[in-house]
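The block underneath contains the structure these notes are about, expressed in structure tokens.
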Amino acid sequence: MDKHSTKIPKRLNSFQIIVLGFACVILVGALLLMLPISSANGQVTPFLDSLFTSTTSVCVTGLVVQDTGTYWSLFGQVIILILVQIGGLGVITVVTCLAILGGRRIGLFQRSIMQESVAAPQVGGIVELTGFILRVTFVIELLGAMILAPVFCKDFGIGRGIWMAVFHSISAFCNAGLDLMGSREKYSSMTSYIDHPVINITIMCLIIVGGIGFLTWNDVRTHKFKIKHYRMQSKLILVVTLLLIVIPAVGFFIFEFEDMPMKQRVYSSLFQAVTPRTAGFNTADLTQMSEGGQLSVIGLMMIGGSPGSTAGGMKTTTFAVIVGCAIAVFRRRDSVHFFGRRVPDETISVALTLFFMYISLPVVSAIIISAVESLPIMTCLFETVSAIATVGLTLGITPGLTAVSRLILIVLMFLGRVGGLTLVYAAVSGAKVQMGRYPQDKLTVG
């Protein structure tokens, strides 16, 4: 063969396809939101505002530079909701669904991409799992909308109320945190329903169900209440999720919201414990919380939801492995284990890497934004953690940020949704095979 012959282009790996898929959907969404029909005033929306809104929708974050309920028209809100649904399920899952409905055969390479997209343990049964994800999503979102509809129809009228119910049900299940409550007060989120039982309980349940993860729900479907047959990951997710709701709720009740009536205090404490992982709704004014309370929320946002879910953050399992690793060191154990199963060393290395990324990136970004905007570092850190953990909770500074700071948040939201390691693996294609190992030597730490 001639040495000057054309080389066969290298196929994109699964990580690159996932990253490019999200990037393309964000770009298309931004262009659609720029159209005059997308804004309530009929004007062309600046590209950076449209890009930010499209990114926060696809990355199911919830940070906004324009109030969703008042700035965008019905057409714009529909586009945003479609982007939220695609982002919540995952671009690959949506494309796979369309391919299945179109009667196309799903090959092995496509199945491997689907496996990476939903964090499934194996390729086998991935198409069936995708169908299960779609069915669960449709049923839960429909049920949530039906429960919310009577309340919203009473407050906003039948047509508007049904739309509000559908929008908030999907937004809550996808852990997006975008809302349409700006018609009452801009950027007010769910504060007008601070002690409404139906709104509070329904939204919290949607957030929790969406954040637990489809793989865990598949375990529940398969084994019902026989918890001992669940995979270690599912058991760990359920335990950590419960602890991360109960402990912060008790802490918020004791140390925060002291001036509220008892009913509001109970609902506020519970809601603010659930929503940081990683929904972005709030029923209380977060700026009125103490710095300790805000720091607790930052910690919850960093942890986020669970693998294979609609939530972001470094994930509950990552947090559990980090804690388990510390406990193993304290007890002089040579391994980390849960429920009688040992955690592989590779998993511990990945968890430590993710922990480092979710600590360093928002801190560095907060320092830059603080310098650019002349804002307190704590306030900036709250926004950057909210962005990379795809939460959407805010202390109110995002709409007033300059272009540089908004671009930083856009990058953090994208990184948080596709996953830091996914982005790294996409950039560094092809793993180097290690033929040998260096000699070991002692290193003192601590």
- Query: Under 18 Å Cα-Cα from LYS442, which aspartates and glutamates qualify once same-chain neighbours fewer than 8 residues away are excluded?
  - Reply: ASP334
- Item | Mean separation of Cα contacts under 8 Å (6+ apart) over length of the chain, as relative contact order % | 18
- Item | Kirkwood estimate for the stretch 229-347, i.e. one over the average of 1/r between Cα atoms, Å | 15.6
- Note on the stretch 223-280: the mean projected area of its alpha-carbon convex hull, in nm², is 5.1
- Message: Sorting check: for 172-184, 294-306, which peptide has the highest mean count of neighbouring beta carbons within 10 Å, and how do the rest follow?
- Response: 172-184, 294-306
- To the nearest 0.05, how large is the calculated FRET efficiency for SER374 and ALA403 if R₀ is 25 Å and r is the Cβ-Cβ distance? 0.95
- Could you look at the stretch 151-202 and say what percent of its accessible area is carbon and sulfur, using a 1.4 Å probe and all protein chains? 61
- Query: Residues of the chain: accessible area per residue at 1.4 Å, in Å²?
  - Reply: 49
- Order ARG406, ARG135, ARG231, ARG105, most accessible first, counting only protein heavy atoms with a 1.4 angstrom probe. ARG105, ARG135, ARG231, ARG406
- Query: What is the set of long-range amide H partners of TRP72 at a cut-off below 5 Å, with H atoms built 1.01 Å from backbone N?
  - Reply: ALA40
- From highest to lowest solvent-accessible area (probe 1.4 Å; ligands, DNA and RNA excluded), TYR71, TYR230 read TYR71, TYR230
- Where a label projected 7 Å from the Cα of SER335 along Cα→Cβ would reach, residues of the stretch 208-234 with amide N under 17 Å: 232-233
- Message: Using a 1.4 Å probe on the protein heavy atoms only, what accessible surface does PHE414 show? Give it in Å² to the nearest 10.
- Response: 40
- Task: Quickly work out the LEU352-to-VAL246 label distance, labels modelled 7 Å from Cα along the C-beta direction, and quote it in nm with one decimal.
- Result: 3.1
- Using a 1.4 Å probe and counting only protein heavy atoms, arrange ASP285, ASP67 so the residue with the most accessible area comes first. ASP285, ASP67
- So which DSSP H runs in the chain come out at 27 Å plus along the axis (Cα) with average Kyte-Doolittle of at least 1.6? 14-34, 126-156, 232-255
- With each pseudo-label sitting 7 Å past Cα toward Cβ, what's the MET232-LEU12 distance in nm, one decimal? 3.5
- CD proxy at 222 nm, helix term only [per DSSP H run n ≥ 4: -39500 (n - 2.57); per residue of the chain; nearest 500]: -20500 deg cm²/dmol
- Task: Using a Förster distance of 35 angstrom, determine the FRET efficiency expected from the C-beta separation of ALA326 and ARG184, and round it to 0.05.
- Result: 0.20
- Message: Binning at 10 angstrom from zero up to the longest distance, how are the C-alpha pair distances of the chain distributed in percent?
- Response: 4, 20, 31, 26, 12, 4, 1, 0, 0
- Message: Could you order the peptides 18-31, 263-276, 53-66, 347-360 from most to least packed, using the average number of other C-beta atoms within 10 Å per residue?
- Response: 53-66, 263-276, 18-31, 347-360
- Task: With a 1.4 Å probe and every protein chain kept in, tell me what percent of the accessible surface of the stretch 213-355 is carbon plus sulfur.
- Result: 63
- Query: Long-range amide H contacts for HIS337: which residues qualify at under 5 Å (H placed 1.01 Å from N, peptide plane, sequence gap of 5 or more or a different chain)?
  - Reply: VAL343
- Out of PHE138, LEU361, THR347 - ranked by how far each Cα lies towards the positive end of the dipole of the chain, with unit charges on the beta-carbon of charged residues - the top one is THR347
- Spin-label pair ALA23/LEU74, simplified geometry with 7 Å Cα→Cβ offset, distance in nm: 3.7
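The values are calculated or read from the model by the stated rules, or taken from the named source; none is laboratory data. In this text, all values refer to a predicted model and were calculated from it rather than measured experimentally. Heads up, the Cβs are rebuilt from the backbone with ideal geometry, glycines too, and the neighbour counts pull from every protein chain shown. Please note that ligands, DNA and RNA were not included when accessible areas were found on the heavy atoms of the full protein model with its side chains. Shrake-Rupley method; radii C 1.70, N 1.55, O 1.52, S 1.80 Å.
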